[in-house]
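In what follows, a single structure is set out as structure tokens and then discussed.
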Amino acid sequence: MKIKPFFLACCVIPHLYGQINSYIGSYSGTNKDGYLQPVASLLTANFNAGIIPSSEIDSTFHVYFRLIGTGSLIEGKQLTYFNAVTPDPFLPKSIVQVPTILGPRHSSNTIGQHGLVYTFPAGLGLRQFIIAFPQISLSGIAGTELNARFFAYDTKGDAGKITLVSIGARHDIGRYFIRNKNIALSVGYFYNQADVGDYLHHTSHLIISSIGKHGKHWNYGFFGGYQKGTIHGTYVSTDAEASTVSYNLTNKNPVIFGLTAGLRFGALYMQLSAQGISPITLSYGLGIKF
């Protein structure tokens, strides 16, 4: 079965899995993990980006509605290449650097005994990954801010239903010992989940701390934390048995750190942030405060 790719303004995850059988159907052994692993790192980084709306948590109750956009440039060998091993009974056994599913759109050939050739599949050739989703925040609840993201869409096709859910909270711990009211120190926890039919199930956990300074119309800050994300699902191989293949992978580089800065004009505000290590991810938030 081949699924045609399509573009969805709020989520391009289907583009990654829209042609999953035609791209990774021939990967049914250990090589599939290296081929797919960068997706776990990419989704985990993007779902956790822009999670901190600003450096401060309101001292009085307010409701925020935001549109958060995140994006990563897909560069570097960690995301675009992996070391694959030629499968049995192909001889001689060789280790070959080949594209991941995010890597270049060209296949790699290895010549073995008696002139036999083994071909490793190409990648999707993605140069960037961009998603966007709405976020609601309830701020100023005893020094705590609650955040939630949700998006759902039924493709009416082979990709099935797409859902994105994120919930979390952070607490202003600086209120207990920092006397400067323009400096905020917070810690928080966030949980994310995304599902694309039976092809992709993603979950991630983020523990994060941030410190920043803010004024009437501006804010800036620094943040760092630990994130763990997993992807799992199934696809159908293209071998003679057409067997169902399962995968379960986690993100690399669990430690994150970054910068955030924003401007506020009355009820409107804008927020920018950048985080690393791999992939480097940028986020933009546009919101309104009630």
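For Tyr220, indicate whether it is of a type in the set (Ser, Thr, Tyr), over 17 Å from the mean Cα position of the chain (by Cα) and at pLDDT below 90. Walk me through it before giving the result.
Values: of a type in the set (Ser, Thr, Tyr): yes; over 17 Å from the mean Cα position of the chain (by Cα): yes; at pLDDT below 90: no.
Judged against the criteria, Tyr220 is not a match.
Hey, any hits in the stretch 254-263 for a residue that's under 14 Å from the mean Cα position of the chain (by Cα) and at pLDDT below 90? The answer is no; no qualifying residue exists.
In the stretch 268-277, what residues are surrounded by 18 or more Cβ atoms within 10 Å (Cβ to Cβ) and under 28 Å from Arg127 (Cβ atoms)? I'd like the intermediate steps shown before the answer.
Filtering the stretch 268-277 for residues surrounded by 18 or more Cβ atoms within 10 Å (Cβ to Cβ) gives 269, 271, 273, 275.
Within the stretch 268-277, Gln271, Ser273, Gln275 qualify.
For the stretch 155-167, taking the residues that are touching a Gly at 6+ places or on another chain (Cβ under 9 Å) and crowded, with 20+ Cβ neighbours inside 10 Å, the one that is modelled with the lowest pLDDT is identified as Ala159.
Being out of contact with any Gly (no Cβ under 7 Å at 6 or more places or on another chain) and free of Cβ contacts under 8 Å to residues at least 12 places away in the same chain is true for just one of Ala142, Ala122, Ala152, Ala148. Which residue is that?
Being out of contact with any Gly (no Cβ under 7 Å at 6 or more places or on another chain) and free of Cβ contacts under 8 Å to residues at least 12 places away in the same chain holds for just one of Ala142, Ala122, Ala152, Ala148, which is Ala142.
For the stretch 52-73, what are the residues that are hydrophobic (A, V, I, L, M, F, W, C) and modelled with pLDDT of 90 or more? Within the stretch 52-73, Ile57, Phe61, Val63, Phe65, Leu67, Ile68 qualify.
Suppose we keep only residues that are part of a loop (DSSP other than H, G, I, E, B) and at negative phi within the stretch 118-128. Which one would you say is surrounded by the fewest Cβ atoms within 10 Å (Cβ to Cβ)?
The first filter runs over the stretch 118-128 and keeps only residues part of a loop (DSSP other than H, G, I, E, B), leaving 121-127.
Keeping just the survivors that are at negative phi gives 121-124, 126-127.
Numbers: Pro121: 20, Ala122: 16, Gly123: 24, Leu124: 20, Leu126: 21, Arg127: 9.
Result: Arg127.
Taken across the stretch 47-57, residues that are surrounded by fewer than 23 Cβ atoms within 10 Å (Cβ to Cβ), hydroxyl-bearing (Ser, Thr, Tyr) and over 13 Å from the mean Cα position of the chain (by Cα) do not occur at all.
Of the residues that sit in the stretch 175-215 and are surrounded by fewer than 16 Cβ atoms within 10 Å (Cβ to Cβ) and polar (S, T, N, Q), which one is farthest from Asp58 (Cα to Cα)? Per the criteria, the residue is Gln193. Once the stretch 216-267 is narrowed to residues that are without any contact (Cβ under 8 Å) to a residue 40 or more places away in the chain and more than 30 Å from Arg66 (Cβ to Cβ), the residue that is surrounded by the most Cβ atoms within 10 Å (Cβ to Cβ) is Thr234.
Scan the stretch 129-138 and tell me whether some residue there is assigned to a loop (DSSP other than H, G, I, E, B), over 21 Å from the mean Cα position of the chain (by Cα) and farther than 20 Å from Ile207 by Cβ. No; the residues of the stretch 129-138 include none that is assigned to a loop (DSSP other than H, G, I, E, B), over 21 Å from the mean Cα position of the chain (by Cα) and farther than 20 Å from Ile207 by Cβ.
Take Thr238 and decide whether it is among the hydroxyl-bearing types (Ser, Thr, Tyr), outside any strand (DSSP E or B) and modelled with pLDDT under 95. Yes, satisfied. Somewhere in the stretch 79-91, is a residue among the aliphatic types (A, V, I, L, M), under 16 Å from Asn147 (Cα atoms) and at pLDDT 90 or above? Among the residues of the stretch 79-91, not one is among the aliphatic types (A, V, I, L, M), under 16 Å from Asn147 (Cα atoms) and at pLDDT 90 or above, which makes the answer no.
The values are calculated or read from the model by the stated rules, or taken from the named source; none is laboratory data. Here the structure is a predicted model, which is why all the values come from computation and not from measurement. Because the Cβ atoms are built from the backbone with ideal geometry, glycine has one as well, and the counts that use them run over all protein chains shown.
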